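As structure tokens, the structure follows; a few thoughts come after it.
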Amino acid sequence: QVQLVESGGGLVQAGGSLRLSCAASGSIFSINTMGWYRRAPGKQRELVATITSGGRTNYANSVKGRFTISGDNAKNTVYLQMNSLAHEDTAVYYCNVLQRGYVYWGQGTQVTVSS
């Protein structure tokens, strides 16, 4: 099993910034991809950004140019720097890890952007 602990969520004004962190622990052998998803009120969970162990990144169109995902392989940690936050970014953000065909999810961290 892989455990994921997220941190960094909170309340921020529109235009502000937040940085999310997610640390993976437990039975870690070879993580393929780490990433962030989010679920806004009344909506389905959606991809925000992912990063492979080789550093390849992928972003949702809605966050390109505003969010940056990065990883520290030595610490099994992934970060999400969120700038120019908008009310539409309000959601619960979930950390996600893909390892050897298994997907693991964090508990989620709330991000609220006040307009």
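Summary table below
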quantity: Some residue of the range 72-88 being of a type outside the set (Gly, Ala, Ser), within 15 Å of Gln110 (Cα to Cα) and in contact with a Leu (Cβ under 6 Å, 6 or more places away or on another chain); calculated: yes
quantity: Residues located in the range 31-45, provided they are over 11 Å from the mean Cα position of the chain (by Cα) and not aliphatic (A, V, I, L, M); calculated: Asn32, Thr33, Arg39, Pro41, Gly42, Lys43, Gln44, Arg45
quantity: Number of positions in the range 43-67 that are open to solvent by 70 Å² or more (accessible area, probe 1.4 Å) and modelled with pLDDT of 95 or more; calculated: 9
quantity: Criterion violated by Asp72 - all others in (1) in contact with a Gly (Cβ under 8 Å, 6 or more places away or on another chain); (2) at pLDDT below 95 satisfied; calculated: (1)
quantity: Residue list for the range 28-38, filter: open to solvent by 50 Å² or more (accessible area, probe 1.4 Å) and either of a type in the set (Lys, Arg) or over 15 Å from Asn58 (Cβ atoms) (or both); calculated: Phe29, Ser30
quantity: Selected residue (criterion: farthest from Cys22 (Cα to Cα)) from residues of the range 76-115 that are open to solvent by 70 Å² or more (accessible area, probe 1.4 Å) and either part of a strand (DSSP E or B) or of a type in the set (Phe, Trp, Tyr) (or both); calculated: Tyr102
quantity: Pairs with Cβ under 9 Å, 6+ apart, first in the range 15-28 and more than 21 Å from Gln110 (Cα to Cα), second among the β-branched types (Val, Ile, Thr) and open to solvent by 30 Å² or more (accessible area, probe 1.4 Å); calculated: Ser25/Val5
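The values are calculated or read from the model by the stated rules, or taken from the named source; none is laboratory data. Values in this document were obtained by computation on a predicted structure and should not be read as measured data. Here Cβ is always computed from backbone atoms with ideal geometry, including for glycine, and neighbour counts include all displayed protein chains. Ligands, DNA and RNA are stripped out before the accessible areas are found, and what is left, the full protein with its side chains, is counted by its heavy atoms. Shrake-Rupley method; radii C 1.70, N 1.55, O 1.52, S 1.80 Å.
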